[in-house]
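Visitor: Would you mind keeping the following structure in view while I ask a few things?
The values are calculated or read from the model by the stated rules, or taken from the named source; none is laboratory data. No experiment lies behind these values; they were computed from the predicted model shown. Positions of Cβ are generated from backbone atoms using ideal geometry, with glycine treated the same way; all protein chains shown enter the neighbour counts.
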Amino acid sequence: MTFTQVAIETFQKFRTPGVGEKMILEGNVFVEAVLPGATVAKADRRGDVCLQGSFSYSRVAAGPTWRFPNEIPIAGEPADVVFNLGKST
């Protein structure tokens, strides 16, 4: 899989302290833009509303929504994830 320059820059921002949290938790960018753009089976409008509404709660509850894009291995980071993936092959 090849990332476009826009995707690379977006994920770099996700991993930038202060910026990523704001984009993912306050702007809901990952749920409303990245996931739908990367999903083969597109959700209908009802599915979109369901997704958007389900992530509009507290930062603590939305933690996994922030954590997931930060755990996707890109360019050898995060090192622990890359290491563990290497062990499983």
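Visitor: Filtering the range 68-86 down to residues that are surrounded by 10 or more Cβ atoms within 10 Å (Cβ to Cβ), without any contact (Cβ under 8 Å) to a residue 40 or more places away in the chain and within 20 Å of Ala7 (Cα to Cα), which residue is farthest from the chain's Cα centre (by Cα)?
Guide: That would be Val82.
Visitor: Now for a separate question. From the list Phe83, Phe68, which residue is out of contact with any helix residue (DSSP H, G or I) (no Cβ under 8 Å at 6 or more places or on another chain) and modelled with pLDDT of 85 or more?
Guide: Exactly one residue qualifies, and that residue is Phe83.
Visitor: OK, next. Which one is modelled with the highest pLDDT among residues in the range 1-28 that are farther than 15 Å from Glu71 by Cα and among the acidic types (Asp, Glu)?
Guide: Across the range 1-28, the extreme among qualifying residues is Glu9.
Visitor: So which of Thr89, Thr39 is within 13 Å of the chain's Cα centre (by Cα), surrounded by fewer than 14 Cβ atoms within 10 Å (Cβ to Cβ), at pLDDT below 85 and not small (Gly, Ala, Ser)?
Guide: So the residue among Thr89, Thr39 that is within 13 Å of the chain's Cα centre (by Cα), surrounded by fewer than 14 Cβ atoms within 10 Å (Cβ to Cβ), at pLDDT below 85 and not small (Gly, Ala, Ser) is Thr39.
Visitor: Right, next: Looking at the range 46-59, is at least one residue of a type outside the set (Asp, Glu) and either modelled with pLDDT of 80 or more or in contact with a Ser or Thr (Cβ under 9 Å, 6 or more places away or on another chain) (or both)?
Guide: yes
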